[in-house]
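This report refers to the structure that appears directly beneath it.
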Amino acid sequence: MDITLKEELAVKLKSFNGITVYKISQDRFKTNTINIFFHDTLTRETAALNALMPAVLRRGCEKFPTFKDIAVYLEKLYGTSFDCGVAKKGEIQLIQFYIEYVADQYTQEGKGMFEKAFELLFEIITKPVTESGIFKEEYVVQEKENLKRLIESRVNDKVQYAVDRCYEEMCGDEPFGVYEYGTAQDVDKITNKQLYEQYNKILGSLPIDIFVTGDTEDARILKMAEKFSSLNRVNIKNIKAGNISKQIEEVKNITEKMSINQGKLSMGFRTNTAPAEPDYYALMAYSILLGGGMHSKLFQNVREKASLAYYAFSRLEKFKGLMVVSSGIETENRDKAKEIIMEQLGEIEKGNITDNEFDATVKTIETGIKSLKDSQLQMVDFYLSQNMAGTNDTFDTLVQKVNKLTKQDIAEVSKKIKLDTVYFLTKA
């Protein structure tokens with residue numbers, strides 16, 4: 001899929017053996033980036049394995065066997081930055097390796113920074129430090145402890161924790177209900193041998209997307225990308241998007257107690273709208289109108305008029321067709337807050353949308369889309385998401401489609417939205 005822009009240009013340069021190479025042309029930044037994504041199906045069996053793998057790889061490679069060696073080399077490359085990790089989009093788990101380096105024209109050498117950055121990324125991914133044919137035991141043991149601490153620390157952000165737990169309760173029997181880092185218990189069970197076997201499966205069978213941003217010549221990009229041809233890749237895995245629609249038989253009500261002062265109410269909805277459907281743009285506007293800023297119905301009615309919430313927002317999970325409404329409230333106000341939140345959904349469905357609400361919603365979306373161009377990582381994420389969603393939008397076409405929306409479009413898409421789960425995090 002080729003995507004063209006006036007300001008930036010994203011082009012698919014080549015596909016080979018389950019690997020696709022993209023270039024996002026831009027000359028507005030003094031740095032360029034290389035992003036490498038491995039796509040896997042999100043499962044309880046492999047989530048923790050996939051999360052642990054990049055953490056171990058970043059510890060060292062054959063050429064730079066310790067994290068300090070890598071850090072020293074990065075500093076020599078004008079303070080180049082490197083990172084890796086996992087994320088989930090719908091029911092797909094992404095394993096990402098990322099490097100940001102100074103563009104050639106801003107270096108004394110004037111050439112070769114792209115090659116050096118790519119070679120380092122390739123070394124880290126494909127030539128790890130090993131002992132007796134598997135990963136270095138010390139690195140695996142230490143990174144397992146780090147990963148467990150990361151998983152256990154998720155409770156520290158109560159707002160995000162309540163949103164995550166709502167989704168997990170909604171999708172308990174679906175892959176989306178799996179936390180992208182797995183569980184601490186899953187991490188404990190991982191053996192070095194098992195991790196190394198999973199690593200070889202990842203290299204050998206998962207689809208790979210390579211995104212390069214900057215003004216690097218196509219020929220240089222393709223020459224470096226050809227390094228991946230040396231990998232033994234067979235039976236490339238077919239990654240499928242998860243189901244979007246689901247019939248709600250009964251709304252789930254979940255209460256979890258914790259040592260907190262303020263209650264966290266998260267309400268999970270099924271939008272029954274896939275990102276490739278024409279009315280997804282109306283759904284975007286619906287979420288912003290409902291809870292995407294100070295103009296929104298949740299802010300004005302739940303927080304300001306009723307004084308029930310310290311915060312109230314709505315958020316879409318586009319790849320799974322979900323929406324969550326989250327609010328921070330006094331524990332005794334749970335039922336009243338839920339009632340007023342549902343009233344706001346009803347108002348939108350009836351078409352009770354003021355000109356100010358509508359105009360502010362469109363402006364908020366337009367501003368948000370344009371701001372994505374200020375970050376190369378966000379640009380990469382935008383195009384990656386377009387590919388994964390099966391859409392072909394650019395920043396400009398997305399703004400154009402949003403500007404064509406009507407209040408009636410938003411009211412119509414709201415009729416597909418159904419409450420699935422009410423999750424309440426309250427004090428013990």
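Shape call for the range 356-428 from the C-alpha gyration tensor, a ≥ b ≥ c root eigenvalues: rounded (a/c under 1.5), prolate (a/b greater than b/c) or oblate? Oblate shape, in that a/c is at least 1.5 and b/c is the bigger or equal ratio. Within the straight-line cut-off of under 16 Å between alpha carbons, the lysines reachable from Lys30 are Lys111, Lys373, sequence neighbours fewer than 8 places apart in one chain being disregarded. Going down the table (Lys116/Lys193; Lys88/Lys338; Lys305/Lys336), which pairs top 23 Å between alpha carbons? Where the Cα-Cα span goes over 23 Å, the pairs concerned are Lys116/Lys193; Lys88/Lys338. The fraction of Cα-Cα pairs per 10 angstrom bin, counted from 0 for the range 3-230, comes to 7, 30, 33, 23, 7, 0 percent, rounded to whole percents. Peptides 393-402, 268-277 ranked from most to least packed by the mean count of surrounding Cβ atoms within 10 Å: 268-277, 393-402. The Cα atoms of the range 252-427 give a gyration tensor whose axes a ≥ b ≥ c have a/c of 1.5 or more with a/b greater than b/c, which makes the shape prolate. Each residue of the range 203-211 was assigned a 3J(HN,Hα) from its phi angle through the Karplus curve 6.51 cos²θ - 1.76 cosθ + 1.60 (θ = phi - 60°); the sequence is 5, x, 9, 7, x, 10, 10, 10, 10 Hz, with glycine and proline shown as x. Karplus-based coupling profile of the range 17-33, in residue order and whole Hz: 6, x, 10, 10, 10, 10, 10, 10, 6, 7, 10, 8, 10, 7, 10, 10, 9, with θ = phi - 60° in 6.51 cos²θ - 1.76 cosθ + 1.60 and x standing for Gly or Pro. Highest-first packing order for the peptide set 180-186, 222-228, 69-75, 234-240 is 180-186, 222-228, 69-75, 234-240, based on the mean count of other beta carbon atoms within 10 Å. Coupling constants for the range 141-156 follow from the phi torsions by the Karplus curve (6.51 cos²θ - 1.76 cosθ + 1.60, θ = phi - 60°), and in residue order they are 4, 5, 6, 5, 5, 4, 5, 4, 5, 4, 5, 5, 7, 4, 6, 5 Hz; glycine and proline get x.
Here's how it looks for Leu42: its modeled amide H is under 5 Å from those of Ile92, Gln93, which are all 5 or more places away or on a different chain. Spatial offset of the range 303-356 relative to the range 210-254 amounts to 34 Å, using the alpha carbon center of each.
Rounded to the nearest 500, the 222 nm mean residue ellipticity of the chain from helices alone is -12000 deg cm²/dmol, with -39,500 (n - 2.57) taken per DSSP H run of at least 4 residues. Counting DSSP beta bridges in the range 3-230, what percent are antiparallel, to the nearest 5? Taking every DSSP beta bridge with both residues in the range 3-230, the antiparallel ones total about 85 percent. Oblate is the label for the range 309-350. Its Cα gyration tensor axes, ordered a ≥ b ≥ c, give a/c of at least 1.5 and b/c at or above a/b. Centroid-to-centroid, using Cα positions, the range 75-104 and the range 127-157 are 18 Å apart. Per-residue packing, averaged as other Cβ atoms within 10 Å, sorts the ranges 329-337, 82-90 into the order 82-90, 329-337, beginning with the highest.
Every number in this text was worked out from the coordinates using simple rules, so none of it is lab data. The structure displayed is predicted, hence computed values, not measured ones. Reconstructed Cβ throughout: ideal geometry from the backbone, glycine too, with neighbour counts over all protein chains shown.
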